[in-house]
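Following: one structure in structure tokens, then a few remarks.
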Amino acid sequence: MDFRDKIAFLCFNGMAKSFHTGETHMHPESHLASLSEKHQKLDKIILKEELRPSPDSVILNGLKKEKLKLKDEMERFRQVV
């Protein structure tokens, strides 16, 4: 899978699992660490795309939305735990 395939996979398959719907069965600290790691990975992928000569705005928008979902999920999770 090349870089653009990875971006599309992350963007369109979603990375955040909802704590509230029970889709994940992780220890709370592990779940938060996993969300944080995914958030950091998305940040790196976004930066890489932004530094390209012609960044793809559709992909960037999707990645940024996914990053925001992860951030929101981390905040909700912190409030519950």
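The values are calculated or read from the model by the stated rules, or taken from the named source; none is laboratory data. Just so we're clear, the structure is a prediction, and the values are computed from it rather than from any experiment. Cβ: placed from backbone, ideal geometry, glycine included. Neighbour counts: every protein chain shown.
Of the helices (runs of 4 or more DSSP H) lying entirely inside the chain, the ones with 3 or more residues being aliphatic (A, V, I, L, M), modelled with pLDDT of 65 or more and out of contact with any Phe, Trp or Tyr (no Cβ under 6 Å at 6 or more places or on another chain) are found at 28-50, 57-80. For beta carbons closer than 8 Å, sequence separation of 6+ or different chains, a first residue in the range 61-81 that is touching a residue at least 12 places away in the same chain (Cβ under 8 Å) and a second that is surrounded by 11 or more Cβ atoms within 10 Å (Cβ to Cβ) and among the acidic types (Asp, Glu), the qualifying pairs are LEU63/GLU49; LYS67/ASP43. Within the range 27-60, being free of Cβ contacts under 8 Å to residues at least 12 places away in the same chain and of a type in the set (S, T, N, Q) holds for SER30, SER34, GLN40, SER54, SER57.
Considering the range 65-80, the residues that are among the aliphatic types (A, V, I, L, M) and closer than 14 Å to HIS31 by Cβ include one that is surrounded by the most Cβ atoms within 10 Å (Cβ to Cβ), namely LEU70.
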